[in-house]
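J.: Have a look at the structure that comes next, please.
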Amino acid sequence: MARATSRPESTRRRQRWPDGYDPENTRNSLITSALGLIEQRGFDRTSVQEIADQAQLTKGAFYHHFASKDDLLRHIQEEYLEAQLAAIQKIEADSDDPTVRVRELIRFSLTSVAEYRAHVTIFYQERRYLTGDLFAEVTRKRGLVEAAFAGMVADGVARGAFRPDVDPRIATFGLVGMCAWAYQWLNVGGPLSVDEVARQFSAMVLEGLSA
């Protein structure tokens, strides 16, 4: 008896997904819909049905990509944190000068507030709704970001670029808070560009840190 041959991957994919269906685009549409609704209404006042309706999709499509509304919230939080971690790695690879690193970190932090404003708003206002393993994973990645900030400051202290009495942990709280809170007031179309705000922030911070 002849052995049945397996179907080509392209055939299997066409049979699994309807023509024109793009899983990645569907997922991104749901995330974009959720970002707008949750930023405007809050997590607890936004339903899965509303997210699906706004994206012109079904609840079935939502649950194909996310286990729950909490899972979607975790994804939104991690998307922002992972962008921060990737930027930190690049900053560290591009220069070993502590002053340059902190300056670039401030510039990126403010740029990301402008680029990820909805993510940042949701991160600070809605993360209390995460619990259990979802909260633990977001907290772990948040800790990695803060540890990287503190590590850059500690390196500057150790190398004599920053004052020896600077506590890296306290400096990190100040840096993170100063940059993150900009989501409340930073006006991308205002009289000062994001780069100019970053320059002024850097001048204040580095003047305080410099040995």
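The values are calculated or read from the model by the stated rules, or taken from the named source; none is laboratory data. These figures come from a predicted structure and were not determined experimentally. With ideal geometry, Cβ positions are generated from the backbone for all residues, glycine too; neighbour counts draw on all protein chains shown.
J.: On the given criteria, is V153 in the same structural domain as E82 (by TED's automatic domain parsing) and closer than 19 Å to L35 by Cα? Step through it out loud before you land on a result.
T.: Details: in the same structural domain as E82 (by TED's automatic domain parsing): yes; closer than 19 Å to L35 by Cα: no.
Judged against the criteria, V153 is not a match.
J.: Now for a different question. Given the options S47, S112, name the one that is hydroxyl-bearing (S, T, Y), modelled with pLDDT of 95 or more and out of contact with any Asp or Glu (no Cβ under 6 Å at 6 or more places or on another chain).
T.: Working: S112 fails: modelled with pLDDT of 95 or more.
Among S47, S112, only S47 is hydroxyl-bearing (S, T, Y), modelled with pLDDT of 95 or more and out of contact with any Asp or Glu (no Cβ under 6 Å at 6 or more places or on another chain).
J.: Can I ask one more? Report yes if some residue within region 24-37 is over 30 Å from S202 (Cα atoms) and among the acidic types (D, E); otherwise report no.
T.: yes
J.: Sort out which residues of region 138-187 are acidic (D, E) and under 30 Å from D71 (Cα atoms), and write them in order of number. Steps first, please.
T.: If we filter region 138-187 for residues that are acidic (D, E), which is where we start, we get 146, 155, 165, 167.
Of everything in region 138-187, just one residue is acidic (D, E) and under 30 Å from D71 (Cα atoms), namely E146.
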